[in-house]
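J.: Supplied in structure tokens, the structure appears directly below.
A short reminder: the numbers here are calculations on the coordinates, not readings from a lab. What you see is a predicted model; the values in this text were computed from it and never measured. Note: ideal-geometry Cβ built from the backbone for every residue, glycine included; neighbour counts use all protein chains shown.
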Amino acid sequence: MNIAVTLNGADNVGKTTNARWLASAIPGVRFTGTIDRWDQRWALVSQGDFGQWWFIDSTTAEHVDLVFSSHLARAQGGGPLALEDRGWPMLIATCAATAAVKDGMPAADALAGVEAIAGGYAVSRRRELHLLLRHADQPAAEARHALARERAPATDRYAEYQQRLAEVIEIQVGRGDYQAVIVRGHRPLLDVQRHIREQLAQLDVPVTLLPRDEVERLWILAGMSESGKSTVGELLRTEHAVTRLKIGYLLQLAAERFRVDDPYQVWDETTQAQILSEEILRFAAQNPGSRRVSVESAHRFDSTAHLRRIWGDRCEVVYLDAPSEIRMRRTSEPDASVRERDTIKQSRGADDIVSIADTVIDNRGSLAALKRAVTEVVSRHSEVLVPPQPDAVVPASLQPVLADCTADLVDSQTALVAVTGSLAYNGWQQGWSDIDLLVVRDTLPLDWLRNRSVPDHGPAGEKIALSAFTTHEVRTGQLPPRLVHALRQIARDGSGLLYRRDGLAVNAPAPDVDDRAARADLPLVVMVLRRLAAKPAFDVRAVYKHIVLIMKTILRADGVDADSSDDVRRAFVANHPTAAIDLPTLTGVSNRSWRQDETFAHRVRDAAADILRYHDTIGHQLTIRPTPCTRKDPDAR
């Protein structure tokens, strides 16, 4: 028995686009397209005012005859396995909605009338599988979304047609006219196509499923010759752990798989984008860790625009812009050669990609400026809304001074004020801990900082340290490791918040970013600890804090988050028992008792030596043997 798979839905829901992509995934299928390809009368009625004929001049019987005679011809020419753009139930729905508008009748009555006429055109002896794509699961929203995706303003008649069509579709869904219903909503094309294929597989259609989706972020790099695309791709790879891929390489892989000689000649730009997307998915699925991907170089406008539609919001088109004279200075090849390459790219619409780019980087400046720009491109996608300030965990004795500091730091440009360190996670110890304040402001002129009245010490002599950063620095992750961690905590649960601007979003780095930042800072921490611990009269508190910081960094590399000193101690003992480090607890340490406690000081000194010794052993599992060319000959004289 012949089989027909049909994709159906209201206008602008993606029927045709998804059907064309789906056709490449069903072996032996014939994509028969829309019914207007199967009857010459469509060309005649479309010569004049097609809308006039559709809604006014034709009778419902004439309209149904044209639609279903065409459908019958298409069905007879479909072969053993056909893929149709709008099947029987959708054609019924369009005719019914038209009749409802034309004759001013309820949708249900129009549906019954059309079905009575269309019964004489039924297709026999084939199995039909009808998939319905919906904008939304409510008729009013369905019609609204269909109209919103129109390029030109809709007429009143067309708006009424969409409403009636949505009502008819709702009736059909309720009585089970479709084998599968897929609500598109605002999902990107890739997610909808995946859902369609999965539904067809469950209906025993021999469809190739898309590779599993491991990609979290996709950057498409575009621009003219020598604009900096390759440099940005390499910066993404080396500085931000982004997998760097080339569009030409991926398409060539696909061409070999499909046995296509020239992918650019055989495949149109829409098909190129679809196949490129499948290759990106396949590469990421086969290479664990390739969750963030950049592809270069995008030279074709239509292909790039379709890639953006396929991937949706997790895709970002980045256009590198620079004047031609600067671009020509960046290469040793003759100017004429660069201009020739530009001409070829312009013929493909490469220069027009700037009009659809999500980000345009002005790359006429220094490499340092470009690195900053790339960091911002990567970092801003980690932004999350800061939650409301939690219940206060600040000790009562500090609340007045912190309230005064907050009032002095908050103005129209202030984005955030918070305490960090031990005060943020309820681990503050009087007589031991400092008060670490963080302020984030849109701008930070030195005059503004000089005019703040934040005191140097708290009510009991506690040292108050103010760290100040701009919102741009926070957005781009230009922070020392301890504040990278503090921002992650603030974004997660508001830890330490004293003030936040309404609707504030901050860069919430992932745990792996936090880990890398901390490990990058570890050599400096170790160097300072050696320097502190080697002094005859060493600073007990400073040494203790550096020991805890080393432990905390090692734990973070283990995937363990611990913040307070005592939590860090316990976690380190549990995870690194062979280290045998006897760091005293801070429980009970108050006022200045630790300054006179010689036992405490000796234990801290010993713990410093032990953590440094243990740090030196980490990673020594590696055994390096000399290669044959460097191994000494025992018989050599």
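J.: How much length is gained on full extension from residue 396 to residue 287, taking 0.36 nm per residue of separation minus their Cα-Cα distance?
T.: Length gained between residue 396 and residue 287: 33.9 nm.
J.: Quick check for me: using +1 on Lys/Arg Cβ and -1 on Asp/Glu Cβ, what's the dipole size of the chain about its Cα centre, in debye to the nearest 20?
T.: It works out to roughly 1940 debye.
J.: Additional query: Taking the number of other C-beta atoms within 10 Å as the exposure measure, put 469, 68 in order starting with the fewest.
T.: Listed from fewest to most nearby Cβ atoms, that is 469, 68.
J.: Quote the relative contact order of segment 386-509 in percent (integer), defining contacts as alpha-carbon pairs under 8 Å separated by 6+ residues.
T.: Result for segment 386-509 is 38 percent.
J.: Label points 7 Å out from Cα along the Cβ direction at residue 187 and residue 24: separation in nm?
T.: 2.0
J.: At 222 nm, what helix-only mean residue ellipticity would the chain give, in deg cm²/dmol to the nearest 500, using -39500 (n - 2.57) for each DSSP H run of four or more?
T.: -14500 deg cm²/dmol
J.: With each label point set 7 Å from Cα along the Cα-Cβ vector, what nm distance links residue 230 and residue 534?
T.: It works out to 4.6 nm between the two label points.
J.: Please arrange 194, 257 by counting, for each residue, the other beta carbons lying within 10 Å of its beta carbon, fewest first.
T.: 257, 194
J.: A further question follows. Suppose R0 equals 25 Å; then what is the FRET efficiency for residue 449 and residue 389 from their Cβ-Cβ distance, rounded to the nearest 0.05?
T.: 0.55
J.: If contacts are Cα pairs under 8 angstrom and at least 6 residues apart, what is the relative contact order of the chain in percent?
T.: The normalised contact order for the chain reaches 10 percent.
J.: Give the cross-link partners of residue 229 among the lysines, using a straight C-alpha distance below 29 Å as the criterion and excluding same-chain residues fewer than 8 apart.
T.: Hits, sequence-local ones excluded: 246, 345, 371.
J.: Treating the angle as unsigned and between 0 and 90°, give the value, to the nearest 10°, between the Cα long axis of helix 88-103 and the longest Cα principal axis of the chain.
T.: Approximately 70 degrees, to the nearest 10.
J.: Using a 7 Å offset from the Cα along the Cα-to-Cβ direction at both residue 580 and residue 492, what is the distance between the two label points in nm, to one decimal?
T.: With each label placed 7 Å out from Cα toward Cβ, I get 3.3 nm.
J.: Taking 35 Å as R0, compute the FRET efficiency from the Cβ-Cβ separation of residue 266 and residue 109 and round it to 0.05.
T.: Efficiency, from the Cβ-Cβ distance: 0.10.
J.: Something else: Rounded to the nearest 0.05, what FRET efficiency do residue 259 and residue 238 have when you use their Cβ-Cβ distance and R0 = 22 Å?
T.: 0.05
J.: When the label point is put 7 Å from the Cα of residue 369 along its Cα-to-beta-carbon vector, which residues of segment 234-265 have a backbone N closer than 20 Å?
T.: Of the residues in segment 234-265, 234-236 have backbone N under 20 Å from the label point off residue 369.
J.: Next question, about the same structure. Assign unit charges at the C-beta atoms only (+1 for Lys and Arg, -1 for Asp and Glu), then state the dipole size of segment 304-403 relative to its Cα centre in Debye, rounded to the nearest 20.
T.: 260
J.: Shape call for segment 217-328 from the C-alpha gyration tensor, a ≥ b ≥ c root eigenvalues: rounded (a/c under 1.5), prolate (a/b greater than b/c) or oblate?
T.: oblate
J.: So what are the chain's ellipsoid semi-axes, whole angstrom, largest first, if each one is the square root of 5 times an eigenvalue of the alpha-carbon gyration tensor?
T.: 62, 32, 25
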